[in-house]
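Encoded as C-alpha cells, the structure appears first; notes follow it.
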Amino acid sequence: GVGMGMTAPVSITAFPAEDGSFQKKVKVSLRIPSQFQENPPCPTDESIKIEERQGMTIYSMQFGGYAKEADYVNYAAKLKAALGSDAAYCKEFYLCNGYDPPMKPYGRRNEVWFVKE
C-alpha cells in the first residue's frame, strides 16, 4: 500500500536462443529502495518474488535511446565480439538494464551486462 516510485535500473534477465534472440522466458527485476530493504513489503501477487542479488562483477556496454529487444540483442552481440573468446562470463543469460522513466526523451541510458565467471 506504499508507493515506492521509480527505481533504477529496471533489469531484464534475458535467456538468449541460439540465434541470439530472447527466449519467451525473461525475468524483470526492480531494485527495492534503500528504506525498504531491511523489511521489504510482502507481494500480494504470487508471481512476484523478492530476491537478494549477490554482488557480481560484470562486463558492460552502454547505449542510448528507447531500447527495444533488438537493441539489447545487437549490443549483446557487440559486447560478445569486443570481449573475444578469452573472457569468462555466463553464457546462459545476460542482463538488459534501463535507467530512465518512459517520458525522458533525450540522454537515455541503457546497458547490457554479462556476468563474469
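Relative to the longest principal axis of the chain, what angle (0 to 90°, nearest 10) does the C-alpha long axis of helix 69-83 take?
50
With a 1.4 Å probe and all protein chains left in place, how much of the accessible area of the chain comes from carbon and sulfur atoms, in whole percent?
53
Accessible area per residue of the range 10-116 at 1.4 Å probe, in Å²?
70
Given the Cα-Cα distance of Phe63 and Cys90 and 0.36 nm per residue of separation, how much length would full extension add, in nm?
Fully extending the segment from Phe63 to Cys90 adds 7.6 nm.
How much net charge surrounds Tyr89 when only other residues with a Cβ under 11 Å from its Cβ are counted (Lys, Arg +1; Asp, Glu -1)?
Residues close to Tyr89 contribute a combined charge of 0.
Residues with beta-carbon under 10 Å from that of Asp100, excluding Asp100: net charge, scoring Lys, Arg +1 and Asp, Glu -1?
+3
Given R₀ = 25 Å, what would the calculated FRET efficiency be for Lys78 paired with Phe36, taking r from the Cβ atoms and rounding to 0.05?
According to the calculation, E is roughly 0.10.
Highest mean first, how do 71-78, 104-111, 24-31 rank when packing is the count of other Cβ atoms within 10 Å averaged over residues?
Sorting 71-78, 104-111, 24-31 by mean packing, highest first, produces 71-78, 104-111, 24-31.
Net charge around Thr57, counting only other residues with Cβ within less than 15 Å of its Cβ (Lys, Arg = +1; Asp, Glu = -1)?
Result for the local shell: 0.
Lys91: which lysines have alpha carbons under 29 Å from its alpha carbon, excluding same-chain residues fewer than 8 sequence positions away?
Leaving aside lysines fewer than 8 places away in the same chain, those within reach of Lys91 are Lys24, Lys25, Lys27, Lys49, Lys68, Lys78, Lys80, Lys116.
Of [x] 16.4; [y] 15.7; [z] 15.3, which is the value of Kirkwood radius over Cα pairs in Å derived from the coordinates here?
So the structure-derived entry is [y].
The values are calculated or read from the model by the stated rules, or taken from the named source; none is laboratory data. Predicted model, so just to flag it, every value in this text is computed and none were measured. Neighbour counts run over all protein chains shown; Cβ positions are idealised from the backbone, glycine included. The protein model used for the area step is the full one, side chains on, heavy atoms only, and it has no ligands, DNA or RNA in it. Shrake-Rupley method; radii C 1.70, N 1.55, O 1.52, S 1.80 Å.
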